[in-house]
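Asker: Quick one: the structure is below, and I'll ask about it shortly.
The values are calculated or read from the model by the stated rules, or taken from the named source; none is laboratory data. Predicted, not measured: the structure shown is a model, and the values here were computed from it. Virtual Cβ from ideal backbone geometry, glycine too; neighbours counted across all protein chains shown.
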Amino acid sequence: MTQPIPFPAWERPYWQPSEEEIVLHFYVFGNFKPTRVPSAPYGSDGLPEGMEATSYHNSVLKDWEGYPLKGALGDMFKDDAPEAYAKAIAASQVMVIRGQLKDTPDTGYLRDTFGVLAGLLDIGGEAIVDAQILSLLGADDWRHRYLVRDGAPLRSHVLIMCDDDEQSGKQWVHTRGMRKFGRPDVSVRNVPTDKINHAGVLCENLIQMQALGAHFEDGQALEVEGMAHPLVAELGGHRGDPDFNNSYIAYVWPDEG
């Protein structure tokens, strides 16, 4: 157990009331002590309204279709984080933390939820799966990433990926995890190989703006430094979208020349 560091609750200065929903979903694997989760030292009053914690025997949950440690996702975790994967598989219990919340003008909900996750690690948690960003972290790695004085960067809560863009033959830079903030993910297609970092920075900036409450409209122009013409937003997607499990803001990188 490390010295508790309280999680902050960021204000969202660009926030306006909306019908959007925040979605959080975590699995904590471990052998938990029968005691109250010590979330208060992390600044948390417990799970916010709309979130629930359900305890399962790992051996029972393994038969569930959505079990995160099997199939292609499990193979990815096994390759990317073998030690954490081994601990998660061997754990006797799984705490599933999930829920949907109304859009809010601050991130107190994230502080309270992460305080519970940190507390679970203190009473026997071994590894955490973040279902939104398809990550598996062992207890020490999770603490190193999120138990940061004044809070981990907002970028730590969202995944930025780069894949081949089958539509253009170039690159596709896109995000996953913006449901944690009740906002669309970001998709940038037609990215030249030498502009991948530039597109990644653009995604980081859009993550930051949306996490702090910003909304983008369909057809809205976005001025980007170094580009002769603005990028134009196209809104799409939905909760069942296979690439995002979320709505998205799509941009097309302009062809040169």
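Asker: Considering Tyr14, Tyr42, which residue is farther than 19 Å from Leu136 by Cα and assigned by TED's automatic domain parsing to the domain that holds Asp141?
Answerer: Numbers: Tyr14 fails: assigned by TED's automatic domain parsing to the domain that holds Asp141.
On inspection, the qualifying residue turns out to be Tyr42.
Asker: Write out, first by first residue and then by second, each pair whose Cβ atoms fall under 6 Å of each other, whose residues are 6+ apart or on separate chains, and whose first residue, in segment 145-162, is closer than 12 Å to Met178 by Cβ while the second is part of a strand (DSSP E or B) and not small (Gly, Ala, Ser).
Answerer: The qualifying pairs are Val158/Thr175; Leu159/Arg176; Ile160/Thr175.
Asker: Take Glu204 and decide whether it is among the acidic types (Asp, Glu) and under 20 Å from Cys162 (Cα atoms).
Answerer: Yes, satisfied.
Asker: Out of segment 201-246, which residues are among the small types (Gly, Ala, Ser), assigned to a loop (DSSP other than H, G, I, E, B) and either touching a Cys at 6+ places or on another chain (Cβ under 7 Å) or exposed (fewer than 15 other Cβ atoms within 10 Å of the Cβ) (or both)? Reasoning before the result, please.
Answerer: Of all residues in segment 201-246, those among the small types (Gly, Ala, Ser) come to 211, 213-214, 219, 221, 226, 228, 233, 236-237, 240.
Within this subset, residues satisfying the condition of being assigned to a loop (DSSP other than H, G, I, E, B) are 213-214, 219, 226, 228, 233, 240.
Scanning segment 201-246 gives Gly219, Gly226, Ala228, Gly240.
Asker: Going by what's in this entry, would Gly119 be described as in contact with a helix residue (DSSP H, G or I) (Cβ under 7 Å, 6 or more places away or on another chain) and assigned to a helix (DSSP H, G or I)?
Answerer: yes
Asker: Now for a separate question. Residue under question is Phe26, and the condition is that it be in contact (Cβ under 8 Å) with a residue 60 or more places away in the chain, among the hydrophobic types (A, V, I, L, M, F, W, C) and touching a strand residue (DSSP E or B) at 6+ places or on another chain (Cβ under 6 Å); does it hold?
Answerer: yes
Asker: When only residues in segment 9-60 that are out of contact with any Leu (no Cβ under 9 Å at 6 or more places or on another chain) and among the hydrophobic types (A, V, I, L, M, F, W, C) count, which is farthest from Ala214 (Cα to Cα)?
Answerer: Here the residue is Val60.
Asker: While we're looking at this one, here's another question. State yes or no: is Arg176 under 16 Å from the mean Cα position of the chain (by Cα), of a type in the set (Lys, Arg) and crowded, with 22+ Cβ neighbours inside 10 Å?
Answerer: Spelling it out, it is not the case that Arg176 is under 16 Å from the mean Cα position of the chain (by Cα), of a type in the set (Lys, Arg) and crowded, with 22+ Cβ neighbours inside 10 Å.
Asker: Return the residues of segment 127-158 that are over 24 Å from Ala90 (Cα atoms) and among the basic types (Lys, Arg); say none if nothing qualifies.
Answerer: Passing the criteria: Arg149, Arg155.
Asker: Still on this model: Hey, among Ser55, Ser39, which residue is among the polar types (S, T, N, Q) and under 19 Å from Ala131 (Cβ atoms)?
Answerer: Every option except Ser55 fails the conditions.
Asker: Within the bounds of segment 167-186, is there any residue that is touching a Lys or Arg at 6+ places or on another chain (Cβ under 9 Å) and among the aromatic types (Phe, Trp, Tyr)?
Answerer: Checked segment 167-186: at least one residue is touching a Lys or Arg at 6+ places or on another chain (Cβ under 9 Å) and among the aromatic types (Phe, Trp, Tyr).
Asker: Just the residues that are in a loop (DSSP other than H, G, I, E, B) and not hydrophobic (A, V, I, L, M, F, W, C), please, taken from segment 133-167.
Answerer: Quick first cut of segment 133-167, residues in a loop (DSSP other than H, G, I, E, B) only: 133-134, 147-153, 158, 165-167.
Result: Arg149, Asp150, Gly151, Pro153, Asp165, Glu166, Gln167.
Asker: When residues of segment 10-43 are filtered for being under 18 Å from Ile97 (Cβ atoms) and within 19 Å of the chain's Cα centre (by Cα), how many remain?
Answerer: The total comes to 9.
Asker: Tally up the residues in segment 148-168 that are of a type in the set (A, V, I, L, M, F, W, C), at pLDDT below 95 and buried (at least 18 other Cβ atoms within 10 Å of the Cβ), please.
Answerer: 1
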